[in-house]
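The values are calculated or read from the model by the stated rules, or taken from the named source; none is laboratory data. None of these values were measured; they are calculated from a predicted model. Virtual Cβ from ideal backbone geometry, glycine too; neighbours counted across all protein chains shown. Keep in mind that these areas ignore ligands, DNA and RNA; they rest on the heavy atoms of the full protein, side chains included. Shrake-Rupley method; radii C 1.70, N 1.55, O 1.52, S 1.80 Å.
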Amino acid sequence: MLDPTPTGPRPGGTPLLQTIGLTKRYGDFLANDQIDIEIRPQQIHALLGENGAGKSTLVKIIYGLIQPSEGEMRWLGEKMVLSGPSEARARGIGMVFQHFSLFDNLTVAENVALGLDGKESFKDMSARLEQVSRTYGLPLDPRREVWQLSVGERQRIEIVRALMQNPKFLILDEPTAVLTPQEADQLFVVLERLKAEGRAILYISHKLEEVKRLCDTATILRGGKKVATCNPQAETAASLARMMVGADIKEVKAPAGRKTTVPRLVVNDLSMEPDDPHGVRLQQISLELKGGEILGIAGVAGNGQRELSQVLTGLRATTGGTIEIDGGAVEAQDSAIFVERGIGHIPEDRLRSGLAPSLSVTDNAVLREYNEPPVSRGPVFDTRAADHLAHQIAEAADVAVPDFGMPVRNLSGGNQQRLVARREMRIASKVLVAAYPSRGLDVGAINTMLRYFVEMRDRGVAVILISEELEELLNLSDRIAVLYEGRVMGDFPAENANLETIGLLMGGRSQQAAPIQ
Ligand SMILES: Nc1ncnc2c1ncn2[C@@H]1O[C@H](COP(=O)(O)OP(=O)(O)OP(=O)(O)O)[C@@H](O)[C@H]1O
Ligand SMILES: [Mg+2]
């Protein structure tokens, strides 16, 4: 059982953790520049900032994963030097990462065992795992293999593993980026409870409404520097965004565009059988999209969104039905052929399917145009042309890259997403399939990207926007379709849509709620 009594000093006394002038340099680049923060018990402290502002870097230093170039940390008032995460854990610091570090072919319990420093037997550890997951309402079956689990369940493993160490201070790096709204609500209940138990939480998120709801304090970083500390409950989402970006952010609403009358993408009676236990069967999906149209696909995650984007981009074979682009059928299950036909894809899981993490920024940026001039002419690969193109894509994506030769995984999470999105938008001359494109992006970057979607639409591209953010869908789409258990439940003009109708359709209630076309 976790110790439920408040740990450490009371709020207002010596901080649990203090950083003084913490600085991290990569060559000449300052990822963290003289950062001072104070973390107190019984506090949910938000860490905010644009993509690349230095949030993940700061928490990795606090967790002992990377060493600061300058500055110091104090734990309960005493100087703290960490040579690795196990020393951080020994003091009571736990962390849930932005990108998970689980082994797919091992069970839940084996994964937890690998991340713990304790010397208890595997049996005792498994029993404790079940107990902690029950206590906090985070159900997990220790015997299941990780590859069978959904993203939300995977994150639960990381949280339970951290809680099993009875942390005084828990760091969560964008935990809700991959969660459904329902899963996020469950997480907030856990975090409130941890706070009531006297623990401190450092919480990174780009979702400002949730920060306002959950957090007591916020530290805001911009360009590696701390620019403000505030009480988020006394701010608005707009004022928080202004502090992060240094300028006002305007919400994007798409003005009506000019549709061509010719269908660009026609999907007829498409079906697909899943090949993993969490996959969804697609059943008789029919969609028609004209050039210059944005079709928003709403639905609770896990209702076939991933499968639909995979079949529409040639990553998965269909078991029935047809896909036509500009009147010509695309048959092969081969993403290269879809690329040739002008279909771009912003995948939902950018690290797994959008990038090769250990290859350079340049290689990843030019990945889709590798075999084409000017990067390749016949058998000759032109390094300078590749470099030039990579710089161009990074600039358009507004990603500051200190070194194009470094592995792309060194870019911040949001900057990786920006890069993939730009790369795919370049090749999407006819159709763009964007799955949860705003996940992990800061508010400014979301707006920039949505504006690009509208521009692409106005150039005649057919855009499929899969999202859970209903406001975003309604602001941007010409038409909305709802996906429920692998079927399209409704397809209607966005002006006829309202949140309530969509909500009903998302829950599978079609007949009574279907709007009149
Ligand atoms: N190993 C490294 N080598 C070079 N630069 C790095 C390395 N690690 C991080 N950086 C750079 O440090 C900057 C800060 O990255 P960090 O991951 O801390 O950003 P972040 O605030 O977490 O952003 P996001 O919201 O996108 O997750 C980025 O520009 C990143 O490219
Ligand atoms: Mg980050």
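Put +1 on the Cβ of each Lys and Arg and -1 on the Cβ of each Asp and Glu in the chain; which of VAL81, VAL431, VAL160 then has its Cα farthest toward the positive end of the dipole?
Going by the Cα projections, it comes out as VAL81.
Taking only C-alpha pairs under 8 Å that are 6+ residues apart, what is the relative contact order of the chain in percent? Before the final figure, lay out each step's value.
On the way: 1067 pairs, mean separation 77.6, N = 517.
RCO, the chain: 15 percent.
Report, in whole Å, the centroid distance computed from the Cα atoms of region 156-185 and region 94-150.
For region 156-185 versus region 94-150, the Cα centre distance is 13 Å.
Rank these residues by their accessible area, most exposed first, probe 1.4 Å: TYR436, TYR26. Please list the in-between numbers first.
Working: TYR436 15, TYR26 110 Å².
Per-residue accessible area, sorted high to low, gives TYR26, TYR436.
At 10 °C and 1.306 mPa s, grab the translational diffusion coefficient of region 260-346 from Stokes-Einstein with a Kirkwood Rh over Cα pairs, rounded to a whole number in µm² per second.
Values: Rh = 13.4 Å.
Translational D for this selection: 119 µm²/s.
Given the alpha-carbon gyration tensor of region 398-442, what are the semi-axes of its equivalent ellipsoid in whole angstrom, ordered largest first, with each equal to the square root of 5 times an eigenvalue? Intermediate values should be presented prior to the final figure.
Values: eigenvalues 88, 35, 11 Å².
So the three semi-axes of region 398-442 are 21, 13, 8 Å.
With the radius of gyration and the Kirkwood radius both derived from the Cα set of region 288-432, what is their ratio Rg to Rh? The partial results should precede the final answer.
Values: Rg = 16.1 Å, Rh = 16.4 Å.
Looking at region 288-432, the ratio lands at 0.98.
Could the peptides 48-57, 119-128, 262-271 be put in order, highest first, of the mean number of other beta-carbon atoms found within 10 Å of their residues?
Highest mean packing first, the order is 48-57, 262-271, 119-128.
Rounded to the nearest Å, what's the spacing between the alpha carbon centres of region 44-72 and region 336-368? Just the number, please.
Measuring centre to centre over Cα atoms gives 28 Å.
Between region 456-483 and region 249-286, how many Å separate their Cα centres?
Centre-to-centre (Cα) distance: 9 Å.
Which three extents, in angstrom, do the Cα atoms of region 1-147 have along their principal axes, listed largest first?
46, 37, 28
Whole-Hz Karplus ³J(HN,Hα) for region 343-357, in order, using 6.51 cos²θ - 1.76 cosθ + 1.60 and θ = phi - 60°, x for Gly and Pro?
Going residue by residue, I get 9, x, 9, 9, x, 6, 10, 4, 6, 7, 10, x, 9, 9, x Hz, with x marking Gly and Pro.
Starting from the Cα-Cα distance between VAL227 and PHE29, subtract it from 0.36 nm times their residue separation and give me the gain in nm to one decimal.
Values: separation 198, 0.36 × 198 = 71.28 nm, distance 1.81 nm.
Difference between extended and current length: 69.5 nm.
Using modelled backbone amide H atoms (1.01 Å from N, in-plane), which distant-in-sequence or interchain residues come within less than 5 Å of GLY320's amide H?
Placed amide hydrogens put SER271 under 5 Å from GLY320.
Run lengths n ≥ 4 of DSSP H only: what is the helix-derived mean residue ellipticity at 222 nm for the chain, with -39500 (n - 2.57) per run over all residues, to the nearest 500?
Working: 16 runs with 160 residues, N = 517.
Helices in the chain give a 222 nm mean residue ellipticity of -9000 deg cm²/dmol.
Not counting ligands, DNA or RNA, and with a 1.4 Å probe, what is HIS391's accessible surface area in Å² rounded to the nearest 10?
Rounded to the nearest 10, that gives 90 Å².
7 Å from Cα along Cα→Cβ at both ALA336 and GLN67: what's the point-to-point distance in nm?
Simple spin-label model gives 4.5 nm for this pair.
What translational diffusion coefficient, in µm²/s and rounded to a whole number, does the Stokes-Einstein relation yield for the chain at 4 °C and a viscosity of 1.567 mPa s, taking the hydrodynamic radius as the Kirkwood radius over Cα pairs? All intermediate terms of the calculation are to be shown ahead of the outcome.
Details: Rh = 24.4 Å.
My calculation gives 53 µm²/s for D.
Would you work out if region 218-289 is rounded, prolate or oblate? Take a ≥ b ≥ c from the square roots of the eigenvalues of the alpha-carbon gyration tensor; rounded if a/c is under 1.5, else prolate when a/b is larger than b/c, oblate otherwise. Can you show the working numbers first?
Values: a/c = 4.10, a/b = 1.94, b/c = 2.11.
It comes out oblate by the Cα gyration axes.
On a straight-distance basis, which lysines could pair with LYS259 in a cross-link, Cα separation under 19 angstrom, same-chain partners fewer than 8 positions away excluded?
Qualifying lysines at Cα under 19 Å: LYS290, LYS430.
Do any GluC sites (Glu not before Pro) in region 218-319 lie in a DSSP loop with no more than 16 other beta carbon atoms within 10 Å, and if so, which?
Loop-located and lightly packed - GLU251.
As an exercise, identify the chymotrypsin sites (Phe, Trp or Tyr not before Pro) in region 352-459 lying in DSSP coil whose Cβ has no more than 10 other Cβ atoms within 10 Å. Walk me through the numbers on the way to the answer.
On the way: sites: TYR370, PHE381, PHE404, TYR452, PHE453; in loops: TYR370, PHE404.
Of the chymotrypsin sites (Phe, Trp or Tyr not before Pro), not one in the loops of region 352-459 has a Cβ with at most 10 other Cβ atoms within 10 Å.
Past 21 Å, Cα to Cα: identify those pairs from LYS60/LYS212; LYS24/LYS79; LYS60/LYS225, in the order given. Write out the running numbers ahead of the final one.
Details: LYS60/LYS212 24 Å; LYS24/LYS79 18 Å; LYS60/LYS225 16 Å.
Among LYS60/LYS212; LYS24/LYS79; LYS60/LYS225, the Cα-Cα distance tops 21 Å for LYS60/LYS212.
Quick one: if you stick a label point 7 Å off each Cα along the C-beta vector at ASP382 and ALA247, how many nm between them?
A separation of 3.3 nm, rounded to one decimal place.
Give, in nm to one decimal, the length gained when the segment between GLU500 and PHE188 is fully stretched (0.36 nm per residue of separation minus the Cα-Cα distance).
On the way: separation 312, 0.36 × 312 = 112.32 nm, distance 2.43 nm.
Net length gain for the segment: 109.9 nm.
When the accessible area of region 383-517 is split by element with a 1.4 Å probe, what percent falls to carbon and sulfur? Walk me through the numbers on the way to the answer.
Working: 2530 of 5460 Å².
Heavy-atom surface of region 383-517 belonging to carbon and sulfur, 1.4 Å probe: 46 percent.
What percent does the relative contact order of region 168-301 come to when contacts are Cα pairs within less than 8 Å and at least six residues apart? Could you put the intermediate results ahead of the total?
On the way: 149 pairs, mean separation 21.6, N = 134.
Here the relative contact order equals 16 percent.
List, in order, the whole-Hz ³J(HN,Hα) value for each residue of region 298-311 obtained from phi through the Karplus relation with A = 6.51, B = -1.76, C = 1.60 and θ = phi - 60°; use x for Gly and Pro.
These are the phi-based 3J(HN,Hα) values: 9, x, 6, 3, x, 10, x, 4, 5, 4, 5, 5, 6, 6 Hz.
How large is the charge dipole for region 370-517, taken about the Cα centre, if only the Cβ atoms of Lys, Arg (+1) and Asp, Glu (-1) carry charge, to the nearest 20 debye? The partial results should precede the final answer.
Working: 15 positive and 19 negative charges, 87 e Å.
I would put it at about 420 debye.
Using only the alpha-carbon atoms, what does region 96-238 span along each of its principal axes? Please give whole angstrom values in decreasing order.
Result for region 96-238: principal-axis Cα extents of 48, 29, 29 Å.
Can you compute the FRET efficiency between SER86 and ARG459 using 1/(1 + (r/R0)^6), with r the Cβ-Cβ distance and R0 = 51 Å? Round to the nearest 0.05. Each step should come with its number before you reach the end.
Details: r = 53 Å, r/R0 = 1.04.
Rounded to the nearest 0.05, the efficiency is 0.45.
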